[in-house]
Structure formats: C-alpha cells, structure tokens
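Here is the structure we will look at, set down as structure tokens.
The values are calculated or read from the model by the stated rules, or taken from the named source; none is laboratory data. Just so it is clear, the structure is predicted and the values come from calculations on it, not from any experiment. Positions of Cβ are backbone-derived with ideal geometry, glycine not excepted, and every protein chain shown enters the neighbour counts.
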Amino acid sequence: MMQKSIKNIVSFAGVGLHSGNNVNVRILPAAEDTGIIFVRTDVPGSQPIQANVSNVVATNYATSLGVNGVKVSTVEHILAAFYGLGIDNAVVELDGPELPALDGSAELLVSMIEGVGVVELESSRKYMVIKEPIKVTDGDKHLLLLPASGKGLEIDYSIDFSHPILSKQTYRCMLSGELFKTEIASARTFGFLRDVEMLRANGLAKGGSLHNAVVIGETEVLNEGGLRYPDEFVRHKVLDLMGDLSLVGSPVVGYLIANRSGHALNAKLANKILSRPSSWEYVDYSSDDDIAGVQHDFIQKTATL
C-alpha cells in the first residue's frame, strides 16, 4: 500500500474548545515521508511541529504538541481523521494556538478531506506490526497492546464513569476507513456540567458549548436531539485514542485493549512503543485487499460471539 496525501487545499475556521480563540486553518498536500506537520502562521519564524509523541507538551483534557515554546493544542481530532482516512502526509497551517472544535467530532473534517480527494504517492506505507505485548497503567486505567493475527488494528475499549447517564460502555472494532467514517468520526467530545466552572477557572473550555460538545447534566444529556449513538461516549474515546496513537508515526497492527484511558495514558503508550523497537517491526502490505480480508474475518468472528 502506498502513502497518501490530500489532492487540494482544505480551508476552514472555527473556535477552539479550550482557548475560545477564532482560528483559521489550511490543510495542504505534502510529499511522501513528510508526515503530519503543524505550522503556526501567527508566530513568525516558528519551527514546524511534527506530529510525533516526542513533541507532546500537555495532555490535560486534550493533546498539545509544541517546539521551542510554540504550541498547537487539541490536535487529536484532526490526527484521528488523518489516521482513519489513511492520510500519511499533510501540512496543517493555523493562525492560533488551538485547532477549532467544529462540532466536537471529526465528521466535518472527514467530509472536507473527502471533498478535495485523496491521492496516492510514490512511496510505500510502513505499518508498525506489534510482536510482543506492551502495557501501560495508571491506577485502574490501562492500555494493553498485543500482537494480532491479522493485518489491522483491533480495539476493545471500556469506560465507566459511575454516572446515571454515563455508566459502563464497551466498544470493539477492527479499524478501517469505512468503519471510521460511519461509526466513529461523528462521535462528539463530552463533558459534565458540574465540571464547567472548574475547567474555566483553569483556563479550559472557554469555547465549549452545546454546539461543539455533549454536555451531561445530573440526569440527562443537555444537547437538543440527545446522542448520536447510545454509546457515543466510548466511540469518542476511540476517536481520541486513534489520534493520540497516530503520534507513533505509522499505522499500528495489533490488538489494543483499553480501560478508562485518556490523553496522558495514550501518550504514555505511544512513548513506550517507540522506546521498545524490539517489540515491533515495520512491514509493507501490498494492497488494500490484505487489510480488507482481515476485516471481513474479524466481522465474521465477532458476529458469532
């Protein structure tokens, strides 16, 4: 399979979830082996920021990347969109410190990227195939990445917030472009009404609203129209995990079990993966058929569970 980029420039604008700033964004095509790069056009002379876990500078309620004091915050949704659509190379220009929240999901990003089209490049894509278990923990939270028999990434994600609206949810899938577009991309970020004052007192959620997040009250979801899926919360956690995991620099092939993880633990896993090169190897797959066949087998297997 070959590396991919977008065919033409994508432009959009919006409000940052945490900063509240209005930000203009352009996504530009990039050559093979560029990777994903962020450029702060409002900071003259600033260095490009590579989407790599080595550049993670904060993980409190979002993932932020930075180089030499210049930061780009809330990168996880756009990175998940790139991961889900198989975009290996792109330059993201923005004139502010945070990516716009849009509707709180990656749905609009997917629509805009598909609107300009995707192009194959001349170099092959390297997949990071897990050979040995890799585990990270934080109290009762954990991520366990295991070898898989197939050629894709299986995710088994569980959350439990002990809340009347948000109790235990589990979502299991084999990631694919089609599944991401139809089942994960539209799942929105969420938060509790009881936490809003605390977040804003700490300089967060300044741009948060019912238009870009699911807000959970004591006994109900406050958004008009309710949820997009009964398990929208855990689906969004999968979306976040995809974005954070993309910071290893290659699509991962393995079986990932997640329990109550968040951005900090996701970054910890990405760091541990890169620190243990003996636990994985790079592999090129010749065609989409390699992945599609495994996805079919996985769907058939889980349908009988």
(Q) I'm trying to understand the selection: among the residues of the stretch 64-96, which are in a loop (DSSP other than H, G, I, E, B) and either within 24 Å of residue 4 (Cα to Cα) or charged (D, E, K, R) (or both)? (A) 74, 75, 86, 87, 88, 89, 95
**Q.** helices (runs of 4 or more DSSP H) contained entirely in the stretch 189-283, each with at least 3 residues that are among the charged types (D, E, K, R) and either under 20 Å from the mean Cα position of the chain (by Cα) or more than 30 Å from residue 132 (Cβ to Cβ) (or both)
**A.** 232-245
Q: May I ask you to say which residue of 250, 261 is farther than 20 Å from residue 85 by Cβ, among the hydroxyl-bearing types (Ser, Thr, Tyr) and either modelled with pLDDT of 95 or more or surrounded by 17 or more Cβ atoms within 10 Å (Cβ to Cβ) (or both)?
A: 261
Q. Can you find even one residue in the stretch 44-59 that is among the hydroxyl-bearing types (Ser, Thr, Tyr), in contact with a helix residue (DSSP H, G or I) (Cβ under 7 Å, 6 or more places away or on another chain) and either under 28 Å from residue 271 (Cα atoms) or buried (at least 21 other Cβ atoms within 10 Å of the Cβ) (or both)?
A. yes
Q: Please go through the stretch 63-78 and pick out each residue that is free of Cβ contacts under 8 Å to residues at least 40 places away in the same chain and among the hydroxyl-bearing types (Ser, Thr, Tyr).
A: 64
(Q) Conditions first: (1) of a type in the set (S, T, N, Q); (2) surrounded by 17 or more Cβ atoms within 10 Å (Cβ to Cβ); (3) over 30 Å from residue 35 (Cβ atoms); (4) in contact with a Pro (Cβ under 9 Å, 6 or more places away or on another chain). Residue 219 passes all but one, so which condition is the exception? (A) (2)
Q.
Can you find a residue that is within 16 Å of the chain's Cα centre (by Cα) and either more than 26 Å from residue 205 (Cα to Cα) or without any contact (Cβ under 8 Å) to a residue 60 or more places away in the chain (or both) anywhere in the stretch 95-110?
A. no
Q. Given the conditions (1) under 23 Å from residue 183 (Cβ atoms); (2) among the polar types (S, T, N, Q); (3) at pLDDT below 95, which single one is not true for residue 219?
A. (1)
(Q) Go through the stretch 163-180 and report how many residues are within 23 Å of residue 62 (Cβ to Cβ) and surrounded by fewer than 20 Cβ atoms within 10 Å (Cβ to Cβ). (A) 4
Q: Would you mind telling me which numbered condition in (1) surrounded by fewer than 16 Cβ atoms within 10 Å (Cβ to Cβ); (2) under 22 Å from residue 248 (Cβ atoms); (3) of a type in the set (Lys, Arg) residue 151 fails?
A: (1)
